[in-house]
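One structure is given here, and the rest of the page talks about it.
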């Protein structure tokens, strides 16, 4: 059965995971250094949480582009725990990874699905994309080395200067990949966290965008394992995930 509760894979990595640049990337050294510092800062934080205020486009069959909003709360405990709560104009979903399996709950549809995955978070995120065609929004930041994951998807990169994001002074970086253009704003200070992310899907009709403003960062927060344990309410029906390879074989 199709798992209709899948969250959209909206990050730059999720959209262009299979294709790398065919020539050496051209990235401004300052942009590369700032991206590296951000990645190292997140990698060194073994437990963390943040909130994202999201706006994203959908293109109607008529070609009209409409915008929806969402709020996403994310928590991670390396090497093998993650939790995402995603509430949007189009519904609410929750995602758990407890080191053994992923669980996704669609409260509106009253269905959930589970699937076994490898023990480390990096491998689990890769398995979700490869086997099930699914990745939580902003999953790139959950990898053990966010810099390495993001840098693979930068054919061209610029340092755009300093900007204000919700009252915080941030470095603005802009990158080009084959299928997406993406921008990130990184806080200028001792906490080099991402403050904003914009992804433009230039290969899709209408070039829809995904915009996330990140806040309420709590680095090295003590997170109990119960945060990452699935909480399925009564009256919810279990369904199966889509298997990408099986679906392709049927076609």
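The values are calculated or read from the model by the stated rules, or taken from the named source; none is laboratory data. Note that the coordinates shown come from a computational prediction; the quantities given were computed from them, not determined experimentally. Methodologically, a virtual Cβ is constructed for each residue, glycine included, from the backbone with ideal geometry; neighbour enumeration extends over all protein chains shown.
Summary of values
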{"item": "Number of positions in region 116-140 that are touching a helix residue (DSSP H, G or I) at 6+ places or on another chain (Cβ under 6 Å) and under 23 Å from residue 31 (Cα atoms)", "result": "2"}
{"item": "Residue tally, condition under 17 Å from residue 77 (Cα atoms), surrounded by 15 or more Cβ atoms within 10 Å (Cβ to Cβ) and modelled with pLDDT under 90, over region 88-123", "result": "1"}
{"item": "Criterion violated by residue 144 - all others in (1) surrounded by 21 or more Cβ atoms within 10 Å (Cβ to Cβ); (2) touching a residue at least 24 places away in the same chain (Cβ under 8 Å) satisfied", "result": "(1)"}
{"item": "Residue 127, sole failed condition from (1) touching a strand residue (DSSP E or B) at 6+ places or on another chain (Cβ under 6 Å); (2) over 30 Å from residue 158 (Cβ atoms); (3) surrounded by 14 or more Cβ atoms within 10 Å (Cβ to Cβ)", "result": "(1)"}
